[in-house]
Structure formats: structure tokens, C-alpha cells
Amino acid sequence: MTFTRGFSGRRARDPRLPPGQYDVGNDWPVLTAEATPRLSTDNWTFTVDGLVKEKTSWTWAEIMALPRSQFMGDIHCVTTWSKLGVSFAGVSVDTLLAAAQPEPSASYVLASSTTGYTTNLPLADVTNGQAWVVWEYDGRPLAREHGGPARLLVPHLYFWKSAKWVSGLTLMDHDQPGFWEQNGYHDRGDPWKEQRYQGD
Ligand SMILES: Nc1nc2c(c(=O)[nH]1)N[C@H]1C(S)=C(S)[C@@H](COP(=O)(O)O)O[C@H]1N2
Ligand SMILES: [Mo]
């Protein structure tokens, strides 16, 4: 038996894949801890409150009228799947925070969903073009099972931080663990550092 060094059948690992992750290709797994809600955009609101100068809420029409912002890149679930080269559109969290004006003491956020799901994030992880409220995937309305009408998108952290059916962000001066974080998952969840569980 012979084999050739250098040009083997083994493909190089895609450099976009963080350690311990695999590429799901065209699939998009649904991971939901609660029942999928059926939300109408007629009475939908999104609120930024907590340590802000101007508690601010947007209706669906109001948030859609904000400057549109797009993300193109990769998402990584802690269960080890990654989806590469996805595109989402919505509004940058920076735009929402500019209206609400965080107090200097604000250093964390708790994102909430209409379902009661929560997840915590350092404020520094949702500012400077790193986080969005999105309602479009690949140019189409975001499907209900993926968080439609709108979800949070924080693609540089594990995907559990991207709360589906997001209803608001509460700014706080301390880190308050959310749903998965209370159940042993990491408070920050950087996939490049494999911050999967508390203590990683
Ligand atoms: N409201 C809510 N948001 C959620 C979840 C959830 O169970 N409920 N699961 C999280 C997890 S663990 C992941 S991996 C992604 C899954 O999003 P998807 O179902 O669109 O793939 O949503 C995150 N946001
Ligand atoms: Mo996940």
C-alpha cells in the first residue's frame, strides 16, 4: 500500500471553525428550551431599560424605520455545530443604546425574551458593531422557530447568547446569570476560548 504525503484525502480544517466545532452545512438546527411562541408584529415591542438615561421602547414599525444593519459571518452553538457564511439583517444594538443612553455605571446587560428566556452579556460584547436585533435571515423574514419576528444576534459568542423572540435589554452594574448560565453554562461564552461551562 502506498500513500502520498501532502496531498491526502483529508481536507484542511476550515479556519472559520472554532475548536471543537463542526460545520453543519446547509442545515440549521433548532434549539429551543421552551414552547415556540406565535408573536404578532401588531403588538410587538422592544425595550431598553435599567441603567439608562432614557428608557426606550420601539414598536415594530419604529424599529423597522431605524438604520438597517447587516451581519455576514458565522454562528457557533455550544452543542458543537457551527453554521458558516450566514447573513442576517436588522438593527445594530449600538443604534438602540444610542437612544437609551446607558449610565456610566452600566457594564452588563440581561437580554429577555417574551417567553421568559434570559441570557446575560457584558455591555462590551454588545457594543461597537458586535450585536444586532435581527428580523431577516438570508433576505427573508426570520422564521418563527429561529426567533421570528426578531431575535438578538451576538455571533462572536456561543449562540445561546442570541435570545430568540427577544423583547428587551436591561442594563445593569453587575452580571446576572440568565437561563443557561444558571444551569452551568459559561457567563461569557467565547467559542474561540471554548468557554462552554462555568469554570472553562
Ligand atoms: N428564547 C430562546 N432563545 C434561545 C434559545 C432558547 O431556548 N430560547 N436557545 C439558544 C440556543 S442554545 C441556541 S444554540 C440558539 C439556537 O437558535 P436556532 O434555534 O435558531 O438555531 O438560540 C438561543 N436562543
Ligand atoms: Mo446552543
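Surface listing: K164, K53 arranged by accessible area from highest to lowest gives K53, K164, probe 1.4 Å. Assuming charge only on the beta carbon of Lys and Arg (+1) and of Asp and Glu (-1), the dipole of the chain about its Cα centre is about 740 debye to the nearest 20.
Treating each Cα of the stretch 90-200 as an identical point scatterer and summing with the Debye formula, the log10 of I(q)/I(0) at q = 0.11, 0.12, 0.18 Å⁻¹ comes to -0.32, -0.38, -0.88. Protein heavy-atom accessible surface, 1.4 Å probe, per residue over the stretch 42-193: 40 Å². Under 5 Å from the amide H of V52 lie the amide H atoms of E103, each residue being 5 or more positions distant or on a separate chain, with H modelled from the backbone and absent for Pro and chain starts. Which longest uninterrupted range of the chain lacks any GluC sites (Glu not before Pro) assigned by DSSP to a loop state (not H, G, I, E or B) and surrounded by at most 13 other Cβ atoms within 10 Å? The segment 55-200 is the longest one with no such site.
Packing, as the average of other Cβ atoms within 10 Å across residues, places the peptides 127-135, 100-108 in the order 127-135, 100-108, highest first. Sorting 11-18, 116-123 by average packing, meaning the other beta carbons within 10 Å per residue, from highest down gives 116-123, 11-18. Shown for the stretch 42-193: lysine pairs separated by 8 or more places, or found on different chains, whose C-alpha atoms are under 19 Å apart, numbering 4. With every protein chain in place and a 1.4 angstrom probe, the accessible-area ranking of M172, M64, M72, largest first, reads M72, M64, M172.
Per atom type, the stretch 42-193 shows carbon and sulfur on 51% of its accessible surface, probed at 1.4 Å.
A probe of 1.4 angstrom, applied to the heavy atoms of all protein chains, finds D27 with accessible area near 100 square angstrom. 3J(HN,Hα) couplings calculated from phi for the stretch 90-104 with the Karplus curve 6.51 cos²θ - 1.76 cosθ + 1.60 (θ = phi - 60°) are, in sequence order, x, 10, 5, 4, 4, 5, 5, 5, 4, 6, 7, 6, x, 5, x Hz; Gly and Pro show x. Counted over the chain, the DSSP beta bridges are approximately 85% antiparallel.
The values are calculated or read from the model by the stated rules, or taken from the named source; none is laboratory data. Here the structure is a predicted model, which means the values were calculated and not measured. Here Cβ is always computed from backbone atoms with ideal geometry, including for glycine, and neighbour counts include all displayed protein chains. SASA here: full protein model, heavy atoms, side chains in, ligands and nucleic acids out. Shrake-Rupley method; radii C 1.70, N 1.55, O 1.52, S 1.80 Å.
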